[in-house]
Amino acid sequence: MVLGESLAKGTVTTAHAEEITVRLQVPASVEPGRYELHAFAGALEAPLTIPILVSDLDEKLAAPSHSRQDAQPISIPVAVNGSLAHKRAEDFFTFEVSAGERLAFDVDSMKLGYLDDPLLILYSAAGEFVASADDRLQQNGFQPPNLDPYLVYKFEKAGRYIAMIRDSAERGDPNYVYRMAIYHVEPDFDMQGLTPQLTLYRGKTSLLPLRVRRLGGWDTPIEVWAEDLGASVSTEHRIAEPKDTIVHDNCALERKLDGTDVQLPVHAADDAPAGPRSIRLRARGIMDGKTVEHSAQILYLWETVGKITGPVEDQKLIATVTDLPGVLLETPESLTLSPGKIARMKVRVQRFDGGKSPLTLLPRPALEGVTIENNVLEAGASQVELRLSSAAPVVVKSFRLFAGENFSPPIELKAETAEEGSR
């Protein structure tokens, strides 16, 4: 068992048919936060990693305290770890605060792979409702969902308070595991670059997607910009206002994002040198007379289906300067072509040449013995379906479609298998 990129190596202390126990000695130099635990059997690595938290808090196990009158006493800062093992399970914790203390209540459960939906409620010692937090980020198509609560609360009155955590639908299961960290927090923010790469076309302006998240009660505007752009590339400063971005999901319902989205314009001049360059993103804000400045964390581009998310390993944002092509062809990765049968291939086309004349699509290298029909895109059209047929097997294994000097990615040419033919 290996923590992160060889940060620590675990020792298996017990092993059974369905579970193992591992002991990890984590060096003090490892920063607190989320890491991935890699499992190996010899040289073979398990395909899925295990999310794990490295903590500098006092870690406690939740005691069976299932009522406000019998709440488990805790001292802050602390992280309590428990399980909502049965239906309608509720865990209560009691703590003392001074007037003016600002605390963060940060729950990890779904983020660690558990399938519960925690709900957090704060009460006074007398049982009066104080504050609550549920889903930090519901499903919206713009960010990975996060149903773990995060609450920042400033206590105006000193005294004893109670925190309760349960599943929002009052479900229960031994695998409904949670970790609730409670710690002092000061107003702050962070910024994320939402893609690790950007294409800059000469003479054009591209938009770089960013997200600013306010933490610990930060409630003032934040200025964002890009640095180290290189020759003939420029940008403008933008302001992230202190309100979360609202989007509409597939049901037209309004969903609030975890942060403020900003589109940062980046312009490449006509004489900008071609090629890649590494740029840096910065953010600055002022609150209560204190200036705070941060660099951005660079994330993989998130899309709703089949994509990964999280920070890129090298934390580089690469912008590539190039010329805008006259035509962009979007084709399938492969095409199955069998003798005597017609194969159909849809091609999507984006035109930056004005699009006032028809566009003929031709394969290279030439496909000997192949007849191609409907390979002319009419002016103003954005899609065409080619029909290809051959009387004999085709020798060529891959080809590209050309439209003048513009060409598509490689298309693998496959032959139909006997099994596919029988179907």
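The values are calculated or read from the model by the stated rules, or taken from the named source; none is laboratory data. Remember, it's a predicted structure, so these values are computed and weren't measured experimentally. In this analysis, Cβ positions are derived from the backbone assuming ideal geometry, glycine residues included, and neighbour counts consider all displayed protein chains. Areas reflect the complete protein model, heavy atoms only, side chains present, ligands, DNA and RNA absent. Shrake-Rupley method; radii C 1.70, N 1.55, O 1.52, S 1.80 Å.
A few points about this structure:
- Qualifying residue in the stretch 313-320 (condition: among the polar types (S, T, N, Q) and loosely packed, with under 13 Cβ neighbours inside 10 Å): no
- Filter result for LYS204 (among the basic types (Lys, Arg) and more than 20 Å from ASP188 (Cβ to Cβ)): yes
- Selection within the stretch 30-45 - free of Cβ contacts under 8 Å to residues at least 40 places away in the same chain and under 23 Å from ARG179 (Cβ atoms): VAL30, GLU31, PRO32, GLY33, TYR35, GLU36, LEU37, HIS38, ALA39
- Residue check: ALA379 meets all listed conditions (1) more than 36 Å from the chain's Cα centre (by Cα); (2) within 25 Å of VAL266 (Cβ to Cβ) but one, namely (2).
- Test: residue in the stretch 348-360 that is among the hydrophobic types (A, V, I, L, M, F, W, C), surrounded by 14 or more Cβ atoms within 10 Å (Cβ to Cβ) and either under 35 Å from the mean Cα position of the chain (by Cα) or farther than 15 Å from ALA403 by Cα (or both): yes
- Residue tally, condition of a type in the set (Asp, Glu) and open to solvent by 50 Å² or more (accessible area, probe 1.4 Å), over the stretch 91-115: 1
- Here PRO64, PRO47, PRO73 are screened, and the one residue that is open to solvent by 100 Å² or more (accessible area, probe 1.4 Å) and under 25 Å from the mean Cα position of the chain (by Cα) is PRO47.
- Any hit, the stretch 153-174, residues being surrounded by 16 or more Cβ atoms within 10 Å (Cβ to Cβ) and under 20 Å from GLY33 (Cα atoms): no
- Checked against (1) within 17 Å of TYR183 (Cβ to Cβ); (2) of a type in the set (Ser, Thr, Tyr); (3) without any contact (Cβ under 8 Å) to a residue 40 or more places away in the chain, SER65 passes all but a single condition, namely (1).
- Subset tally (residues that are free of Cβ contacts under 8 Å to residues at least 60 places away in the same chain and either surrounded by fewer than 18 Cβ atoms within 10 Å (Cβ to Cβ) or assigned to a loop (DSSP other than H, G, I, E, B) (or both)) for the stretch 385-409: 13
- Strands (runs of 3 or more DSSP E) lying entirely in the stretch 263-340 (those with 3 or more residues that are modelled with pLDDT of 95 or more): 275-287, 290-295, 317-322
- LEU53 assigned to a strand (DSSP E or B), touching a Lys or Arg at 6+ places or on another chain (Cβ under 6 Å), at pLDDT below 95 and surrounded by 15 or more Cβ atoms within 10 Å (Cβ to Cβ): yes
- Taking the stretch 226-254 as the range and being loosely packed, with under 15 Cβ neighbours inside 10 Å, closer than 24 Å to ASP288 by Cα and among the hydrophobic types (A, V, I, L, M, F, W, C) as the test, only ILE239 passes.
- Flag if ASP219 is under 16 Å from ASP188 (Cα atoms), more than 23 Å from the chain's Cα centre (by Cα) and open to solvent by 60 Å² or more (accessible area, probe 1.4 Å): yes
- Enumeration of residues in the stretch 1-45 that are outside any loop (DSSP other than H, G, I, E, B), of a type in the set (Asp, Glu) and within 24 Å of ASP56 (Cα to Cα): GLU36
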